[in-house]
Amino acid sequence: ALVRKQQDIKERAQLLSVHQYLAFLEQLTLNTQGLDGMMVRVFYILAFRTGMRKKELLGLKFSDIELLSSPHPSLLIRPNEHRSIKTEGSIRRVPIFAVLTQDELNFVSDFFKLSKPDKLNQLIFVFADSMQGIGDSLPNNLLEQVLADIGATQEITLHGLRHCTATPTLARLLTQQTDEQRQRLHSELLGVHDAQDKWHAIASFVGHISPQRTFQYYIHTAMLMATDKITQADIIIPLA
């Protein structure tokens, strides 16, 4: 998706609508079964809702799950023997309770509990029969195959799903979050009093070391964000 020319970096916008995402999960349910089927669906739910990078997902261990039995489970993104972390800014806590729908959170939590690893340092995304990881190429290949099955025509990679996550102003349109979900995520990222800098909080959530990095790769949505704001505006123009 990157085109380098005279040291300029341009990234093609890759956005998956929530309708395509739900159709993708439904098709995935038809194509996969059992605990392995649950595992694959959990992988893409987390990819779409949290914007985690592929290596961050593939390297998740059960020891990275926090407070699973509570209403506020989170995932820790940190380096381990299976994967390195892109930058220090990539080390973070992902509040899955704030970004997943309640049904998705229940499904993900059920999968974590059903997996019952022998050791907490076991990788999360492994096939039950072989205990082998799902591999580096499978996520993009399966994404492409299932999107074709549901008739989606745009090209999108797993990394492209980060564009939906990192575009908070469009959350209502891209993710169909309820007001309660958006408020929960807002409070988790910015605090009750909204004291933190918004763009630093968003950059931290997606694992960027600075907001400049976030803008560099996601500013192509600026016009959509402005248009969304305009459509919600109640502009009164005096007759004169």
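Output the residues belonging to segment 28-53 that are assigned to a helix (DSSP H, G or I) and either surrounded by fewer than 17 Cβ atoms within 10 Å (Cβ to Cβ) or free of Cβ contacts under 8 Å to residues at least 12 places away in the same chain (or both). Within segment 28-53, T29, L30, N31, G34, L35, D36, G37 qualify.
Using the structure shown, decide if E66 is acidic (D, E) and open to solvent by 20 Å² or more (accessible area, probe 1.4 Å). Yes. Take the conditions at pLDDT 90 or above and within 14 Å of the chain's Cα centre (by Cα) and apply them to I77. Does it pass? Yes, satisfied.
Quick grid of which residues meet (1) over 15 Å from L28 (Cα atoms); (2) open to solvent by 30 Å² or more (accessible area, probe 1.4 Å):
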| residue | (1), (2) |
| --- | --- |
| F111 | yes, no |
| K116 | yes, yes |
| D129 | yes, yes |
| L138 | no, yes |
| Q145 | no, yes |
| G160 | yes, no |
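From the list L60, L105, L76, L100, the lone residue that is touching a residue at least 60 places away in the same chain (Cβ under 8 Å) and open to solvent by less than 50 Å² (accessible area, probe 1.4 Å) is L60.
The values are calculated or read from the model by the stated rules, or taken from the named source; none is laboratory data. Everything numeric in this text was worked out from a predicted model, so none of it was measured. Don't worry about glycine lacking a Cβ; one is built from the backbone with ideal geometry, like all the others, and counts go over all protein chains shown. The protein model used for the area step is the full one, side chains on, heavy atoms only, and it has no ligands, DNA or RNA in it. Shrake-Rupley method; radii C 1.70, N 1.55, O 1.52, S 1.80 Å.
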